[in-house]
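For reference, the structure is listed below as structure tokens.
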Amino acid sequence: MSFRLPHYLRPILLYMRQPFFIIFLLLASTAMAQVPNLTKYADPYVGTGGHGHTYPGVSAPFGMVQLSPDNGTEGWDWCSGYNYGDSMIAGFSHMHLSGTGCGDWCDISVMPGIGLIPDDAKNYRVKFSHENETAYPGSYRVKLDNGIVTSLTATERCGLHNYNFPEGAKPVLCFNLGFMINYDSTTESVITKVDEHTVIGYRYSRGWANVQRVYFAARTNMAIKDLHTYVPAHYINTRVHNGQLVFDDLHGRPLMMKVALSSINTDKALEALDEIRDWDFGSVQNSTKNKWQIELDKIRVVTKDDQMKRVFYSALYHTCLAPVLYSDKDGMYKNAKGEIHKMKKGQRYTVFSLWDTFRGLNPLFTITQPQRNIDILNSMLAFCDENGELPVWDLSTWETGCMSGYHAVPVLADAVLKNTPGLDAERVYAAMKKSAFQKIRGTQDYIKYGYLPQDKGSYSVTITLEYAYDDWCIAQVAKKLGKMDDYAMFMKRGEAYKKLFDKNRGFIRGKNSNGSWVEPFDPYMTSTEGKSMYEEGNAWQYTFFVPHDVRGLAEQYGTYDKFILKLDSLFTVSSKVKGESAPPDVSGLIGQYAHGNEPSHHIAYMYTYVGQAWKTQRMVRMILDSMYHDQPDGYAGNEDCGQMSAWAIWSMMGFYPANPANGEYVFGSPVFDAVAIKVSISRFMVIKTKNNAKNHPYIQSVKLNGKRYTKTYIDHATLMKGGELEFVMGPEPNKNWGANPQDWPSSVNN
């Protein structure tokens, strides 16, 4: 069967093949080519069911406002405030976390009601049906069972509400500033009427982040008859006040309200209301939809399989929800210490789920977010300036300390090594060293012993492995900057994994400070208790976390063949996870490979480092087929601020940054007939897949710009030049392809 590229991609290929004098005409033809509506393939419901922990509401890309419904139910599967299996709505709040394992935010909750909501109602909730609910990029709509129809859209810092009440109803909008989920709790709140159309206020809370301050301003299109303020019954004797806006009969007209946020004060929130200047709901909705179209159009895929399109573009959508804006339009913000700062250039961001996102999402940003990524990176450096160290898990500019490692390091290292403009490499390096020599989180004992002993700190194996990888990343930046003594020191620290490898048992496991192995040992055991050697995982999963030195790890087994047998075993042993407090994050199991949790995400690509690329291709295709769907339960685990989605995006295109900081993208098993990645304003990398089919997962050969290409990866610099990468696929493995060591991805031990 011959391959035929769709009309809207043909000008791209023509552009790459033509002499300079006709480039302008071809660019013009590209611009005029019909652009497909990609937002119809992005489904915000994907991940709202199961353990995905996403939300269905509306946000501009990376926006400060994420306006979405909350069920009013607490628990692990309501970390975003919403789970598809619920049937109640308690309000529509303006801040949400996408796909995390900890519940927080849901700030500035608004619930429409017919008549005053009782003051003693902790969670006033109304039933709804998914049949009366729709969600698309840029819009959300639901009809509650009491007849109130709610439509929502948003700009970056302002949410727009549209309510249609049943005829004759007494309209009320309740600002439930005491609304909370899971860890979060209001400490102080105020709402004040400014004029007959405007209220202002704030909500202070503590939870996952111990200090959170959100200021808001709200303006309505109808006059506010009365503001009824009260202290919720469950907050008696506190400084928490709710408010209900009461209106006269609307006579069938829609009640509209815009709500803007700021981290500084209500005056700045009032200024942010200007992001929406009139009451044209459709115009705002279309504007935000167009912003999403621009994001989704950065990667175009060609396939006749609409389900695969929905999986891909739903994933690409979810990669643009975090980090989120934290500063006002002028770059000013108030941090958790109460200090007011202004970014020297650009905007400040928060919500850095770095333990998850350093693996795939942040490397993706170097391609899809070249401008915004500079602000994201500089936000990490601003955090370091204000707190003395780079962020581990920054929420509302507060260090939650969640998870292990100092994984801002690989993100920044990747950017420096890719020569990202607008980033001060010396400033980055100084910040990295602060993390590497911090006096908390077991770092001093890790340096003293060359590994973290289990009798000196919990999660000792996880911490040792993750610090070792981060230190290898620092070494690469040191080398680039000519700091060769530091390079040697951090390279040595990057070998810490070897000290915990038990050649007799074939696992990386815990040691005490006297050098003895921790007993008893069971590679299937995992726990959330402090005595655990592994964080959110076990020996099966963490033994393979050596992304910088895969062949060095392989040699610990004696031969590459023995290492490959160990990898094979990972995917075929029992999927039983032991431990009474085993974390639910260890999910999406194929044997002991846990795709629902990030430490496993690079493992399928490790075969390629030791000459069996065909096994990578087989396993990647199996994971894609079994772990990603276009339904609410479409993710195998927490979406985790875009990382679960990023893995799918990379892997469906045909490669993945198995080592997230060395700029090499290891080939897997592409699923599309063609992909066009916009690598600059005028350049594209087009990936063509010949002989493509669901039962053709194996690479037979590769060409780059028409020439035979034998490497099993493509580097970042080559990708960003643009051109054409062609895969020829087949139903049976070509075991010779990728077998030559000269073609393998790099490893410390080459």
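Each value in this text was obtained by applying a stated rule to the coordinates, not by laboratory testing. This is a predicted model, so every value here is computed, not measured. Neighbour counts are summed over all protein chains in view; Cβ atoms, including those assigned to glycine, are modelled from backbone coordinates with ideal geometry.
Each peptide in 542-552, 476-486 was scored by the mean count of other Cβ atoms within 10 Å over its residues; highest first, the order is 542-552, 476-486. Along segment 124-138 the Karplus relation, 6.51 cos²θ - 1.76 cosθ + 1.60 evaluated at θ = phi - 60°, assigns HN-Hα couplings of 6, 10, 10, 6, 8, 10, 5, 5, 10, 9, 9, 9, 9, x, x Hz to successive residues, with x for each Gly and Pro. Taking amide H positions as modeled 1.01 Å from N, with prolines and chain starts lacking one, the residues under 5 Å from residue 212 and 5 or more places away or on another chain are 205. Amide H to amide H distances under 5 Å link residue 532 with 459, where only residues 5 or more positions off or on other chains count and H is placed in the peptide plane. Among the trypsin sites (Lys or Arg not before Pro) within segment 484-515, those in coil by DSSP and having at most 14 neighbouring Cβ atoms inside 10 Å are 503, 505.
Mean separation of Cα pairs under 8 Å and 6 or more residues apart, divided by the residue count, gives the chain a relative contact order of 12 percent.
Considering only 273, 152, 174, the residue lying farthest towards the positive end of the dipole of segment 41-292 is 273, judged by Cα position with unit charges set on Cβ.
The peptide list 604-615, 635-646, put in order of mean Cβ contacts within 10 Å with the highest first, becomes 635-646, 604-615. Over what distance in Å are the Cα centres of segment 681-721 and segment 249-303 separated? Centre-to-centre (Cα) distance: 39 Å. Here segment 582-608 and segment 520-561 have alpha carbon centers that stand 12 Å from each other. Cα centroids of segment 51-108 and segment 472-512: 40 Å apart. For residue 456, which aspartates and glutamates qualify as cross-link partners when the Cα separation must be under 16 Å and same-chain residues fewer than eight apart are set aside? Correct list for residue 456: 445, 519, 529, 535.
Along segment 695-703 the Karplus relation, 6.51 cos²θ - 1.76 cosθ + 1.60 evaluated at θ = phi - 60°, assigns HN-Hα couplings of 9, 10, x, 9, 6, 9, 6, 9, 10 Hz to successive residues, with x for each Gly and Pro. Toward the positive end of the charge dipole of segment 41-292, with +1 on the Cβ of Lys and Arg and -1 on the Cβ of Asp and Glu, the farthest Cα among 48, 256, 212 is that of 212. For residue 586, the amide hydrogen comes within under 5 Å of no other amide hydrogen, counting only partners 5 or more places away or on other chains and with H modelled in the peptide plane. Using the Cβ-Cβ distance between residue 625 and residue 306 with R0 set to 22 Å, the FRET efficiency works out to roughly 0.85. Ordering 507, 61, 140 by the projection of their Cα atoms onto the charge dipole of the chain, which places +1 on the Cβ of Lys and Arg and -1 on the Cβ of Asp and Glu, puts 507 at the extreme positive end. When peptides 458-469, 410-421, 518-529 are ranked by their average number of other Cβ atoms within 10 Å per residue, the highest-first order is 458-469, 410-421, 518-529. Each of residue 197 and residue 210 was given a label point 7 Å from its Cα along the Cα-to-Cβ line. The distance between the two points is 4.4 nm.
Listed by chain and number, the aspartates and glutamates whose C-alpha is less than 12 Å from the C-alpha of residue 329, apart from same-chain residues fewer than 8 away, are 156, 271, 274, 275. Fewest-first ordering of 402, 158 by other beta carbons within 10 Å of each residue's beta carbon gives 402, 158.
Within the same chain, lysines fewer than 8 places from residue 721 are excluded, and of the rest, those with a Cα less than 27 Å from its Cα are 291, 298, 309, 418, 479, 480, 678, 688, 690, 703, 707, 711.
3J(HN,Hα) along segment 229-235, derived from phi through the Karplus expression 6.51 cos²θ - 1.76 cosθ + 1.60 where θ = phi - 60°, amounts to 9, 6, 9, x, 4, 7, 10 Hz, with x in place of Gly and Pro.
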